[in-house]
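Scroll down for the structure; my scribbles are underneath it.
The values are calculated or read from the model by the stated rules, or taken from the named source; none is laboratory data. Keep in mind it's a predicted model, so treat the numbers as computed, not measured. Reconstructed Cβ throughout: ideal geometry from the backbone, glycine too, with neighbour counts over all protein chains shown. Keep in mind that these areas ignore ligands, DNA and RNA; they rest on the heavy atoms of the full protein, side chains included. Shrake-Rupley method; radii C 1.70, N 1.55, O 1.52, S 1.80 Å.
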Amino acid sequence: MRPLVLASASPARLRLLQEAGFDPTVIVSGVDEDAATTEDPQELVRVLAQQKATAVAAMAEVPDDALVVGCDSMLELGGRVFGKPASAEEAVARWERMRGRTGTLLTGHCIHDRTRGHGVAAVASTTVRFGNPTDDEIAAYVATGEPLRVAGAFTLQGLSAPFIDGIDGDPGNVIGLSLPLFRRLLDDLDVKVTDLWR
């Protein structure tokens with residue numbers, strides 16, 4: 001079995017892979033997400049995912065035959081993109097902007113194959129319909145600290161779940177990694193997803 005390395009500190013991404021039968025090693029890339037400059041949201045998340053996977057693939061401790069998975073997620077809302085909020089005040093303002101609206105959660109995915117010396121990348125998108133939490137509910141949610149740790153300032157599987165009216169598309173993508181896209185990217189590298197099950 002080829003080693004699988006997750007170039008992300010996201011516990012949600014790790015949990016998704018583990019629950020789907022994989023046993024990845026986690027190595028955080030250290031890529032500066034603020035250094036990427038492009039106006040195209042899809043291009044931005046794709047480039048960041050590639051940078052993360054490539055950075056980790058170049059590390060000496062990564063096995064020569066490893067497959068390195070890099071991801072980056074952002075919320076597109078009203079023509080703007082949002083990552084993790086930098087402060088509680090920003091998270092409150094974000095939720096005031098999001099409530100009652102529809103956004104698109106974009107996740108760039110890259111799998112770098114160390115045996116080939118290159119990777120494949122693509123972007124998954126899922127439409128998210130936000131509910132209408134009250135000001136008090138937003139304040140209580142932000143006070144938990146959860147929205148400061150996640151792209152878009154919300155999660156499907158966490159404390160904000162009651163404030164999400166629904167989604168159109170892959171829920172795993174919103175959580176942090178699209179498993180169907182992961183399988184397709186592996187297929188592009190001539191790797192069977194079933195060969196990576198533990």
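Would region 134-153 turn up any residue that is open to solvent by less than 10 Å² (accessible area, probe 1.4 Å), of a type in the set (Gly, Ala, Ser) and at pLDDT below 95? Yes: region 134-153 contains one or more residues that are open to solvent by less than 10 Å² (accessible area, probe 1.4 Å), of a type in the set (Gly, Ala, Ser) and at pLDDT below 95.
Restricting attention to region 16-43, the residues that are touching a residue at least 40 places away in the same chain (Cβ under 8 Å), over 20 Å from Pro63 (Cβ atoms) and among the charged types (D, E, K, R) add up to 1. Just one residue in the set Gly30, Gly119, Gly103 is more than 29 Å from Gly166 (Cβ to Cβ), in a strand (DSSP E or B) and among the small types (Gly, Ala, Ser); that residue is Gly119.
Residues of region 87-133 that are under 30 Å from Arg184 (Cβ atoms), surrounded by fewer than 16 Cβ atoms within 10 Å (Cβ to Cβ) and either in contact with a Lys or Arg (Cβ under 6 Å, 6 or more places away or on another chain) or not basic (Lys, Arg) (or both): Thr102, Thr115, Gly117, His118, Thr127.
Within region 154-198, the set of residues being loosely packed, with under 12 Cβ neighbours inside 10 Å and of a type in the set (S, T, N, Q) comprises Thr194 only. Quick one: in region 6-20, of everything that is open to solvent by 20 Å² or more (accessible area, probe 1.4 Å) and in a loop (DSSP other than H, G, I, E, B), which residue is farthest from Arg149 (Cα to Cα)? Going through the qualifying residues, I end up with Ala20. Here Phe182 fulfils each of the conditions (1) at pLDDT below 95; (2) under 16 Å from Ala53 (Cβ atoms) apart from (1). Of the numbered criteria (1) hydrophobic (A, V, I, L, M, F, W, C); (2) without any contact (Cβ under 8 Å) to a residue 12 or more places away in the chain; (3) within 30 Å of Pro63 (Cα to Cα), the one Val120 fails is (2). When you scan region 77-88, do you find a residue that is more than 18 Å from Val128 (Cβ to Cβ), at pLDDT 95 or above, part of a helix (DSSP H, G or I) and more than 18 Å from the chain's Cα centre (by Cα), even just one? There is at least one residue in region 77-88 that is more than 18 Å from Val128 (Cβ to Cβ), at pLDDT 95 or above, part of a helix (DSSP H, G or I) and more than 18 Å from the chain's Cα centre (by Cα).
Considering (1) free of Cβ contacts under 8 Å to residues at least 24 places away in the same chain; (2) in a helix (DSSP H, G or I); (3) of a type in the set (Asp, Glu), the lone condition that Asp190 does not fulfil carries the number (2). Within region 44-70, residues that are in contact (Cβ under 8 Å) with a residue 12 or more places away in the chain and part of a helix (DSSP H, G or I) sit with their Cβ atoms under 8 Å from residues that are open to solvent by 60 Å² or more (accessible area, probe 1.4 Å) and small (Gly, Ala, Ser), at 6+ positions apart or across chains, in these pairs: Ala55/Gly30.
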